[in-house]
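Reviewing the structure listed below.
Please treat every number below as a calculation from the coordinates, not as lab data. Note that the structure is a prediction, hence the values are computed from the model and not measured. Every residue, glycine among them, receives a Cβ derived from its backbone with ideal geometry; neighbour counts consider all protein chains shown.
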Amino acid sequence: MTNQVKFEFFNEIPKYESSQIFVAYIDAVTGERELFLEMKKKLLFPDYCGDNWDALIDSLLDLAWIDHQNIYLIHLQVPELEDEELLRFYLSVLLYCKVKWETDKARFIHIMFHESAELMIHELHIKPINK
């Protein structure tokens, strides 16, 4: 199953104007704190959502406040986190949540990055976290 889960890559920033989908454009961030704040802002996380990995995972697995079944998470740049392991963990979290939603057939989450990041992300050998 994990071999079928993939990130998507774009050449030009996709522009979606449909009431049928929810689109979150994730701006360039530096560090964990900026990443948590950007995700909270763009994915409309509730105020009670903390600024930590557990809160991020819980919120990504919930998303009850978003009515759309199709969600596009478009990273305008790969987050600049403190080290490669943290970036690998973030990408693994995204894949874990994608697998959970799609296995339950509840939502379809498209996780997108610019094509210039494809080789770097591929070389990280990302697999969903084990929870």
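Just a few scattered comments:
- For the stretch 8-47, backbone nitrogen atoms closer than 16 Å to the point 7 Å from His110 Cα along Cα-to-C-beta are found at 8-26.
- Fully extending the segment from His68 to Glu118, taken as 0.36 nm per residue of separation minus the present Cα-Cα distance, adds 15.3 nm.
- Gained length - Thr103 relative to Tyr25, 0.36 nm times residue gap less alpha-carbon distance: 25.6 nm
- Highest average first, the peptides 46-59, 7-20, 63-76 ordered by how many other beta carbon atoms sit within 10 Å of their residues are 63-76, 46-59, 7-20.
- Rg(Cα)/(2.2 N^0.38 Å) for the chain, N = residue count: 0.98
- 5 angstrom amide H check on Asn70, placed H, neighbours 5+ away: Phe22, Phe108
- Counting only whole DSSP H helices of the chain, there are none at least 30 Å long by C-alpha along their axis and with mean Kyte-Doolittle hydropathy no lower than 0.5.
- Counting neighbouring beta carbons within 10 Å and listing from fewest to most, the residues His122, His110 come out as His122, His110.
- Column: log10 I(q)/I(0), Debye, Cα scatterers of the stretch 46-93, q = 0.13, 0.25, 0.30, 0.32 Å⁻¹: -0.38, -1.14, -1.21, -1.21
- Shown for Met112, Met39, Met120: other C-beta atoms within 10 Å of each C-beta, ranked fewest to most, produce the order Met120, Met112, Met39.
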